[in-house]
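Please read the structure below before turning to the comments.
The values are calculated or read from the model by the stated rules, or taken from the named source; none is laboratory data. Just so we're clear, the structure is a prediction, and the values are computed from it rather than from any experiment. A quick note on method: Cβ atoms are made from the backbone with ideal geometry, for glycine too, and the neighbour counts reach across all protein chains shown.
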Amino acid sequence: MDFLNQYAWIGALLFARLAAVLMVAPGWGEQAAPPSLRLGLAVLVTATLAPSLAATTPRLPTSMVMAIPMILSEVMIGIILGLGARIMMSALQVAGATAGIASGLGFAQQIDPIASQPAAIFSGFFSLMGVVLLMSAGLHRVMIEAAADSYKLFPPGAFPPIGDATEFMIDAVSTSFRLGIQIAAPVLIFSLIFNVALGLVSRLIPQVQVFMTAMPLSVLMGVAMIALGLGGGMMVWLEAMQTQMRLFTVQ
């Protein structure tokens, strides 16, 4: 029975980290995916990786008091890995909200299926496009690869370095915000030029009803600028997402 207990312990320890990653990571951990599907996928990934990772797991502790901290540390490492990629998805929400405000559609909102909350209409569109690009580029598999390679960086049962984890999360947040502004930069530049031009027109030709024509033109030209710059912006975001996911892969 000792070897059965050891096998169960190996499966539980590996499942704790892998399940935490898949429950949070973009693509796998979306709210639209049923929890039973994500749970079954975590079990399947654990069973697939267990033979190659079993040698790295510690032996079964003699008491439950010693086992609980090890399980919690595995869950914490998995959440950190998944959140590092999940935070990058917020770049698209920042870009959508910024583009909406700059184009005059900031008050137009819908339910964002990724964030599961009301958001600017462009935020929902960008988030859906981000998930489609992520799955099409195969980055959902890179997330599993990173989770498997993380055992070489953080042995099972070891407590994660808090300082490095904090720095990792701060870098992810700053990178996400920077990418969001970069994606929305064409609309921001257009909005600045457009509003300056409207101010000059209203000063030079007071008879022109600026406010009657400003909003339709702002929305029309803003959507046009989003269409022109969206392809390049999403490619930059996709490369940054791939870099973020591959931080824990061992080449």
Practice task
Provide a single number: the residues in the range 210-251 that are touching an Asp or Glu at 6+ places or on another chain (Cβ under 9 Å), of a type in the set (A, V, I, L, M) and within 24 Å of Arg178 (Cα to Cα).
Solution key: 1
Exercise for the section: Could you please find all residues in the range 218-238 being surrounded by fewer than 16 Cβ atoms within 10 Å (Cβ to Cβ) and either more than 21 Å from Gly96 (Cβ to Cβ) or touching a residue at least 60 places away in the same chain (Cβ under 8 Å) (or both)? Expected result: Val219
Exercise for the section: Considering each of Leu49, Leu60, Leu22 in turn, give the residue that is of a type in the set (A, V, I, L, M, F, W, C), in a helix (DSSP H, G or I) and out of contact with any Lys or Arg (no Cβ under 7 Å at 6 or more places or on another chain). Expected result: Leu49
Problem - Qualifying residue in the range 239-251 (condition: under 29 Å from the mean Cα position of the chain (by Cα), at pLDDT 85 or above and surrounded by 17 or more Cβ atoms within 10 Å (Cβ to Cβ)) - result: yes
Problem - Any chance Ile193 is within 18 Å of Thr98 (Cβ to Cβ), surrounded by 12 or more Cβ atoms within 10 Å (Cβ to Cβ) and among the hydrophobic types (A, V, I, L, M, F, W, C) - result: no
Practice task
Filter the range 1-26 down to residues that are within 11 Å of Gly82 (Cα to Cα) and crowded, with 23+ Cβ neighbours inside 10 Å and give me whichever is nearest to the chain's Cα centre (by Cα).
Solution key: Pro26
Practice task
With respect to Leu198, determine if the residue is surrounded by 13 or more Cβ atoms within 10 Å (Cβ to Cβ), modelled with pLDDT of 75 or more and under 16 Å from Gly180 (Cα atoms).
Solution key: no
Practice task
Answer yes if at least one residue in the range 188-198 is part of a loop (DSSP other than H, G, I, E, B) and in contact with a Ser or Thr (Cβ under 7 Å, 6 or more places away or on another chain), and no otherwise.
Solution key: no
Practice task
For residues that are surrounded by fewer than 19 Cβ atoms within 10 Å (Cβ to Cβ), more than 14 Å from the chain's Cα centre (by Cα) and in a helix (DSSP H, G or I), tally how many sit in the range 134-167.
Solution key: 12
